[in-house]
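These notes are about the structure you will find just below.
The values are calculated or read from the model by the stated rules, or taken from the named source; none is laboratory data. What you see is a predicted model; the values in this text were computed from it and never measured. A quick note on method: Cβ atoms are made from the backbone with ideal geometry, for glycine too, and the neighbour counts reach across all protein chains shown.
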Amino acid sequence: MERFVKNGSSKSTDNGAALIIIKSGHEVVLVKDESKPSPHYWKLPGGKIEEGETPLEGALREAGEEAVTGLNPDDFLHLATVDRKNHLLYVYAVEAPDPCDIRERGEEGEMVRKFLISELDQMVDFFPPHRKILEDLASK
């Protein structure tokens, strides 16, 4: 089981950020990178925090690179920090405003798509660790 820890301020490049980008209150934005080895999963946008970045700065940059541009960092809500043993994963939620630019493809070719939140339970190709994070957050 993943352990949630207090909000940290680490700037280590071993850490990552994942985003729950909500659209219109009932949709979530997911990405799928088919350029990497199988299996290919839909997952929350996110990635490695670069050296010198705070977790929030990394989350904002990753959002723009992978899924949605024009988000306001003041709208990001830190939900949890997940201890993954070899790194920390900072989880943020943000509601994408209307209008906003949801990409068709991320900068590295990732597919981007909106899904109904109610669909996530039935998705067999939703990244299991990200499913677990959402389940743990929903149970709190």
| said: Cβ-Cβ distance below 6 Å, separation of 6 or more or different chains: which pairs start in the range 96-119 with a residue that is without any contact (Cβ under 8 Å) to a residue 60 or more places away in the chain and on the phi > 0 side of the Ramachandran plot and end on one that is basic (Lys, Arg) and surrounded by 15 or more Cβ atoms within 10 Å (Cβ to Cβ)? | reply: none
| message | Here is a check on your reading of the model: is Ser9 of a type in the set (Ser, Thr, Tyr), closer than 19 Å to Val112 by Cα and either assigned to a loop (DSSP other than H, G, I, E, B) or at pLDDT 90 or above (or both)? | response | no
| request: Name every residue in the range 52-95 that is among the hydroxyl-bearing types (Ser, Thr, Tyr) and at pLDDT 90 or above, in order of residue number. | output: Thr54, Thr81, Tyr90, Tyr92
| task | Need at least 2 residues that are of a type in the set (Lys, Arg) and surrounded by 14 or more Cβ atoms within 10 Å (Cβ to Cβ) per element, so show me which strands (runs of 3 or more DSSP E) inside the range 26-140 make the cut, counting only ones lying wholly within it. | result | 111-116
